[in-house]
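S.K.: Sharing a structure, written as structure tokens. Questions coming.
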């Protein structure tokens with residue numbers, strides 16, 4: 001038996017017990033898109049530590065295309081805030097009459113109170129990974145960055161830190177305001193901080209915007 005055969009025979013996969021799996025499910029249930037934040041700053045180094053965990057996310061070809069831009073500068077934050085106001089007004093105007101009033105009551109951004117603001121981009125031109133897995137589906141680069149976002153979301157929630165996705169923005173204006181390379185693909189803009197309230201039900205479901213549906217609504221067998 002070769003050394004390689006011996007290693008393969010002796011390999012034991014990492015196993016997680018029922019208690020861990022139950023807590024993992026609880027973490028997934030309690031992960032929320034937070035819209036209302038406390039303004040207290042997070043402890044020094046918290047965001048950087050969470051971003052280290054986000055970098056453990058899977059990526060196509062080990063490319064790690066995610067690019068994190070921590071936005072501290074008040075002028076750049078103000079530019080993002082102005083863009084949100086414009087885009088939000090346009091989104092409100094596009095709502096049907098029976099939805100417009102409810103839309104207007106939604107608090108869709110934590111830009112005013114969240115202590116941390118973060119933009120995530122995907123570097124489509126990265127040489128890391130040598131293009132593996134991207135020749136037929138270039139969008140796999142973007143998907144990889146999204147996995148980092150989700151990993152960050154769960155890691156933050158595990159520490160009692162809320163995270164909200166501000167999607168009502170013009171990607172080109174955000175990229176210009178943050179002065180990033182032109183070949184970076186904008187993935188999302190996020191607020192992080194301690195949430196004002198904790199709830200295991202999505203806020204949009206609580207206010208009657210829509211509701212979660214069961215797996216059977218999305219599952220197709222062929």
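S.K.: Is it the case that segment 92-114 has a residue that's at pLDDT 95 or above, surrounded by 19 or more Cβ atoms within 10 Å (Cβ to Cβ) and in contact with a strand residue (DSSP E or B) (Cβ under 6 Å, 6 or more places away or on another chain)?
M.R.: Yes, some residue in segment 92-114 is at pLDDT 95 or above, surrounded by 19 or more Cβ atoms within 10 Å (Cβ to Cβ) and in contact with a strand residue (DSSP E or B) (Cβ under 6 Å, 6 or more places away or on another chain).
S.K.: Among the residues of segment 205-212, are any out of contact with any strand residue (DSSP E or B) (no Cβ under 6 Å at 6 or more places or on another chain), assigned to a helix (DSSP H, G or I) and modelled with pLDDT under 95?
M.R.: Start the filter on segment 205-212 by keeping residues that are out of contact with any strand residue (DSSP E or B) (no Cβ under 6 Å at 6 or more places or on another chain), which leaves 205-212.
Filter again for assigned to a helix (DSSP H, G or I), leaving 205-206.
After this cut, where a residue has to be modelled with pLDDT under 95 as well, the list is 205-206.
Checked against the condition, which is being out of contact with any strand residue (DSSP E or B) (no Cβ under 6 Å at 6 or more places or on another chain), assigned to a helix (DSSP H, G or I) and modelled with pLDDT under 95, segment 205-212 yields at least one hit.
S.K.: What is the number of the single condition among (1) over 21 Å from the mean Cα position of the chain (by Cα); (2) within 20 Å of residue 147 (Cβ to Cβ) that residue 48 does not meet?
M.R.: Of everything listed in (1) over 21 Å from the mean Cα position of the chain (by Cα); (2) within 20 Å of residue 147 (Cβ to Cβ), residue 48 misses just condition (1).
S.K.: From the list 78, 156, pick out the single residue that is surrounded by 13 or more Cβ atoms within 10 Å (Cβ to Cβ) and either in contact with a helix residue (DSSP H, G or I) (Cβ under 7 Å, 6 or more places away or on another chain) or farther than 23 Å from residue 183 by Cα (or both).
M.R.: Unique residue meeting the criteria: 156.
S.K.: Working only within segment 122-145, note down all residues that are surrounded by fewer than 16 Cβ atoms within 10 Å (Cβ to Cβ) and at negative phi.
M.R.: Those that are surrounded by fewer than 16 Cβ atoms within 10 Å (Cβ to Cβ) and at negative phi: 125, 127, 128, 132, 135, 136, 137, 138, 139, 143.
S.K.: Report, by residue number, each residue of segment 137-153 that is over 19 Å from residue 165 (Cα atoms) and in a helix (DSSP H, G or I).
M.R.: Hits for segment 137-153 are 140, 141.
S.K.: Just to verify a result, which residue in segment 73-109, among those that are in contact (Cβ under 8 Å) with a residue 40 or more places away in the chain and outside any helix (DSSP H, G or I), is nearest to residue 175 (Cα to Cα)?
M.R.: So, considering only residues that are in contact (Cβ under 8 Å) with a residue 40 or more places away in the chain and outside any helix (DSSP H, G or I), the one nearest to residue 175 (Cα to Cα) is 109.
S.K.: Which one is surrounded by the fewest Cβ atoms within 10 Å (Cβ to Cβ), of the residues in segment 179-197 that are more than 17 Å from the chain's Cα centre (by Cα) and within 25 Å of residue 155 (Cα to Cα)? Talk me through it step by step, then tell me what you get.
M.R.: First pass over segment 179-197, keeping only residues more than 17 Å from the chain's Cα centre (by Cα): 179-183, 196-197.
From the residues that got through so far, the ones that are within 25 Å of residue 155 (Cα to Cα) too are 196-197.
Working: 196: 14, 197: 9.
Across segment 179-197, the extreme among qualifying residues is 197.
S.K.: If you don't mind, there's one more thing I want to ask. Checking the structure you have, find out if any residue of segment 53-65 is over 19 Å from residue 164 (Cβ atoms), surrounded by 11 or more Cβ atoms within 10 Å (Cβ to Cβ), touching a strand residue (DSSP E or B) at 6+ places or on another chain (Cβ under 7 Å) and at pLDDT 95 or above.
M.R.: Scanning segment 53-65 turns up at least one residue that is over 19 Å from residue 164 (Cβ atoms), surrounded by 11 or more Cβ atoms within 10 Å (Cβ to Cβ), touching a strand residue (DSSP E or B) at 6+ places or on another chain (Cβ under 7 Å) and at pLDDT 95 or above.
S.K.: From the set of residues in segment 202-220 that are surrounded by fewer than 18 Cβ atoms within 10 Å (Cβ to Cβ) and within 18 Å of the chain's Cα centre (by Cα), which is nearest to residue 102 (Cα to Cα)? Steps first, please.
M.R.: Filtering segment 202-220 for residues surrounded by fewer than 18 Cβ atoms within 10 Å (Cβ to Cβ) gives 202, 204-220.
Applying the additional criterion that residues be within 18 Å of the chain's Cα centre (by Cα) yields 202, 204.
On the way: 202: 16, 204: 10 Å.
Taking the candidates together, the pick is 204.
Yes or no, residue by residue, for (1) within 29 Å of residue 30 (Cα to Cα); (2) in contact with a helix residue (DSSP H, G or I) (Cβ under 6 Å, 6 or more places away or on another chain); (3) in contact (Cβ under 8 Å) with a residue 12 or more places away in the chain:
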| residue | (1), (2), (3) |
| --- | --- |
| 131 | no, no, yes |
| 134 | no, yes, yes |
| 144 | yes, yes, yes |
| 175 | no, no, yes |
| 203 | yes, no, yes |
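The values are calculated or read from the model by the stated rules, or taken from the named source; none is laboratory data. This one's a predicted model, so the numbers in the text were calculated from it and none came from an experiment. Glycine also receives a Cβ, built like all others from the backbone with ideal geometry; neighbour counts cover every protein chain displayed.
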